[in-house]
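All remarks here apply to the structure that follows.
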């Protein structure tokens with residue numbers, strides 16, 4: 001049989017390799033020390049083990065004392081995260097040996113500072129588990145939440161990534177939260193600050209922007225956007241406060257959008273489903289879409305009607 | 001080079017291990033027999049093979065007769081699912097030997113009851129494939145649907161998980177549907193009941209709550225919520241009917257929300273895109289958002305206009 | 001201990017195997033040459049490597065010259081894609097040896113045509129990276145976009161899949177875009193045509209239908225649907241233009257739906273968040289939802305108010 005491929009593959013390969021010489025952003029042949037997305041993903045799995053010991057299994061070892069096994073996991077995180085941070089700190093540069101040495105020490109300090117904060121991160125996570133269990137009538141047990149709830153998974157990764165973000169690590173925090181985004185449909189920028197007892201239910205389609213500030217005991221449902229609002233947009237806004245502030249005990253129901261860096265949702269406010277807000281709301285206020293005009297069509301007869309949301313809609317829980 | 005990590009890792013590890021002694025939900029060091037999410041995921045892949053034989057490959061064996069291979073897959077499901085069910089039935093307890101023995105027999109009976117229902121599950125799945133093929137003009141073939149459609153994938157996992165839920169298995173059904181949720185953005189609680197010929201298109205952002213009841217020949221598009229509505233919320237609602245009833249031949253277009261345990265959408269009703277409903281709809285009714293006031297701004301001139309949905313919007317198909 | 005499973009598994013297996021004889025779509029026991037979803041997924045990873053060399057690592061080899069390694073990756077793509085295309089072209093048929101031979105040659109020609117277009121695909125991808133970097137103030141660097149942004153990932157897979165779609169390959173393009181859909185929540189049908197400098201931000205919940213046409217410099221945010229609108233629906237619409245046309249420099253904000261094969265969004269138009277459109281928009285027009293009536297409830301006092309969107313809402317950026 002004729003084999004066209006073997007006769008033409010040489011030229012095709014040559015053309016593609018030549019295409020790599022155009023010096024665009026996408027033509028980085030000389031980058032040999034990239035942050036490794038696969039390693040970062042494995043680190044996430046280890047960090048989840050450390051957060052919730054006893055909920056996942058290590059198949060590689062026969063475990064008599066889980067403490068020995070977890071010590072080993074923590075050492076492995078230290079070793080591999082340190083390496084990834086060192087790469088990320090100099091990514092895309094071609095540093096000399098002296099600079100590299102300084103970077104290595106910096107990476108070590110960051111890694112240690114990160115590890116020291118794990119008990120604090122776990123303190124937050126314990127409150128998050130509690131918040132979900134109290135708020136979701138479908139939850140059978142706290143265990144089920146830890147095993148299966150995408151909201152808790154996304155928050156867990158976010159809390160770790162946020163500490164790395166605070167410690168000035170480039171690229172890696174975003175890779176971590178985007179891995180969580182990919183698994184859950186929940187997109188929390190590692191720059192956001194989120195207080196204790198944070199609950200996400202269902203979650204798919206949630207976007208929480210980089211400069212969002214969220215207090216304690218806040219509940220957020222699927223499809224909520226905490227986003228930016230601007231007349232100019234684009235790169236000029238780099239590093240500006242562009243996303244809203246959500247105070248303690250606020251609940252935001254599904255599909256609501258709250259936009260803008262000056263928008264403050266006051267303590268205890270309840271934002272109803274599908275509400276679109278670009279201005280601040282006083283504490284204790286319940287905001288909902290007033291009504292929706294619907295058409296009802298049964299055979300020939302067509303009725304137009306105001307569908308007022310019932311009062312209970314202030315509090316609807318999915 | 002200085003190695004800060006090796007000098008400090010011991011203390012850090014000690015602090016994290018000490019943090020595990022706080023006896024919170026997240027400090028379960030003594031749980032050594034957890035349901036294994038990875039095994040459950042592999043079981044899902046085997047169950048998909050059994051549902052759609054001939055659509056996936058088993059690489060480990062040279063297959064002459066696919067029936068021999070499928071028999072082996074079914075045995076493997078029996079063996080491993082049985083083990084996971086036994087763990088789930090006593091998860092978090094410390095049962096004595098007598099209780100464990102009773103649990104093992106219970107797990108066997110559940111496993112067998114589950115396996116016996118596979119032909120019935122496949123009968124439902126055959127109607128689901130048919131419904132998608134009839135309803136989606138973009139589908140090239142029924143094969144393409146089985147290979148690639150996330151909606152069918154989510155329904156397949158749901159139908160298996162629902163049977164385990166009916167048989168009283170804790171935790172595992174939810175782990176199964178959350179794995180499907182993670183892959184598809186479609187969140188169907190294993191407690192929902194769904195009739196034959198169920199079609200989901202696109203799917204991302206769909207939420208179907210635990211006590212939802214869905215009839216036959218129902219179509220649901222992306223972003224639809226079949227949710228709960230309540231003035232109190234939280235754990236008090238555990239085990240109450242909180243989600244709507246959708247009768248036969250209903251179509252629910254993208255972004256619609258239907259909420260509340262007393263809400264019944266009657267036979268043959270069509271619910272338009274973005275409609276928000278908290279009350280029942282009579283059979284045969286077509287409901288749509290009446291109109292949306294839009295601003296049109298061209299240079300200096302600004303026009304405000306009612307954008308009435310065209311009649312065809314009753315039926316828009318994505 | 002009693003072992004119920006071993007005594008009953010034989011009969012259960014027999015019943016399931018008997019169920020495979022019902023000759024429904026889902027009973028394809030005799031298909032022994034299926035497109036292999038796992039191989040197609042590995043091909044996607046290789047194609048991403050070829051698109052962005054230097055951003056991912058090949059662990060299997062010590063790499064001195066990345067060019068040698070990439071040549072090898074390209075050859076591997078040629079070999080394995082060719083095989084998958086040959087299978088897909090005759091999937092479900094039982095061709096004789098002559099027909100099989102013709103199919104093999106056809107697959108080779110398609111594979112080569114595909115590979116020859118890689119530099120062109122990369123030219124488009126370079127513009128997409130640029131568009132995201134210019135448009136997203138949260139992006140630290142172009143590298144971060146390539147490493148972490150789900151929007152770019154989905155577009156990358158789409159651009160490859162679209163070329164295979166144009167070359168007439170069945171099933172495989174859809175499997176590719178559904179894998180991207182699963183990872184990102186972004187559902188782009190491989191049949192859509194999309195110009196240079198395409199930017200997706202956040203992405204989850206985006207649906208872009210099969211016959212959509214998109215110009216250059218178009219920006220699309222999360223939750224946007226570019227869909228079909230019809231009074232009949234179903235299989236009759238196979239192969240008709242059912243989805244909108246989006247001209248150059250259009251921006252479509254989150255949650256907007258644009259439906260219908262005759263709907264044209266003119267050059268430079270801006271479509272605001274949550275706008276629902278089923279008719280064409282003149283070039284340069286800014287369309288937004290005029291206002292939303294909200295209820296504000298503080299203790300006993302209830303205020304109803306028109307919440308007019310501020311002017312800046314024309315341009316809100318998430």
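Nothing in this text is a laboratory measurement; each read-out follows from the coordinates by a stated rule. The structure displayed is predicted, hence computed values, not measured ones. All Cβ positions, even for glycine, are placed from backbone atoms using ideal geometry, and neighbour counts span all protein chains on display.
Inter-copy label distances at residue C:120, 7 Å along the Cα→beta-carbon direction, one decimal in nm, shortest first?
In ascending order, 5.5, 5.5 nm.
Please compute the contact order of segment C:24-186 in relative form: average sequence separation of alpha-carbon pairs under 8 Å and at least six residues apart, divided by the residue count, as a percent.
It rounds to 26 percent for segment C:24-186.
When only alpha-carbon atoms count, how far does segment A:166-287 stretch along each of its three principal axes, as whole angstroms with the largest first?
Principal-axis extents of segment A:166-287 (Cα, largest first): 39, 32, 24 Å.
Rank C:293, C:144, C:210 by mean-square fluctuation in a GNM of chain C with C-alpha springs under 10 angstrom and give only the top-ranked residue.
The residue that fluctuates most here is C:293.
How many percent of DSSP beta bridges within the protein assembly as shown run antiparallel, rounded to 5?
Given both bridge residues lie in the protein assembly as shown, the antiparallel proportion sits at roughly 30 percent.
Let me confirm one metric for peptide B:189-202, namely the mean number of other chain beta-carbon atoms within 10 Å of its residues' beta-carbons.
1
Please find the FRET efficiency linking residue A:113 to residue A:267, where r is the Cβ-Cβ separation and R0 is fixed at 41 Å, and quote it to the nearest 0.05.
Efficiency, rounded to the nearest 0.05: 0.80.
Need one word for chain A: rounded, prolate or oblate. Basis is the Cα gyration tensor (sqrt eigenvalues a ≥ b ≥ c); a/c below 1.5 gives rounded, then a/b vs b/c decides.
prolate
Under a point spin-label approximation (7 Å from Cα along Cα-to-Cβ), what is the residue C:2-residue C:41 distance to one decimal in nm?
Spacing of the two 7 Å Cα→Cβ label points: 4.0 nm.
Using Cα-Cα distances under 8 Å and only pairs 6 or more residues apart, what relative contact order does chain C have, in percent?
9
Calculate the FRET efficiency for residue C:101 and residue A:72 from the Cβ-Cβ distance with a Förster distance of 56 Å, rounded to the nearest 0.05.
0.50
Looking at chain C, send over the antiparallel percent of its DSSP beta bridges, to the nearest 5.
25
Considering only the label points, 7 Å along Cα→Cβ from Cα, what distances in nm to one decimal separate residue C:239 from the same position in each other copy, shortest first?
5.8, 5.8
Which of A:193, A:211, A:37 moves most in a GNM of chain A, Cα contacts under 10 Å?
A:37
Let a ≥ b ≥ c be the square roots of the eigenvalues of the Cα gyration tensor of the protein assembly as shown; is it rounded (a/c under 1.5), or, if not, prolate (a/b larger than b/c) or oblate?
Taking the square roots of the gyration eigenvalues as a ≥ b ≥ c, the protein assembly as shown is rounded.
What nm distances, shortest first, do you get from the label point of residue C:96 to those in the other copies when the point sits 7 angstrom along Cα to Cβ?
Copy-to-copy label distances for residue C:96: 7.6, 7.6 nm.
Starting from the Cα of residue C:79, step 7 Å along the direction of its Cβ; do the same at residue A:48; then give the gap between the two resulting points in nm.
About 3.4 nm, to one decimal.
Please work out whether segment C:105-190 counts as rounded, prolate or oblate from its C-alpha gyration tensor, where a ≥ b ≥ c are the square roots of the eigenvalues and a/c under 1.5 means rounded, while otherwise a/b larger than b/c means prolate and anything else oblate?
Oblate is the answer for segment C:105-190, as a/c is 1.5 or above yet b/c matches or exceeds a/b.
Select from C:294, C:47, C:259 the residue whose mean-square fluctuation is largest in a Gaussian network model of chain C (Cα-Cα springs shorter than 10 Å).
Maximum fluctuation in the GNM of chain C, among the listed residues, is at C:294.
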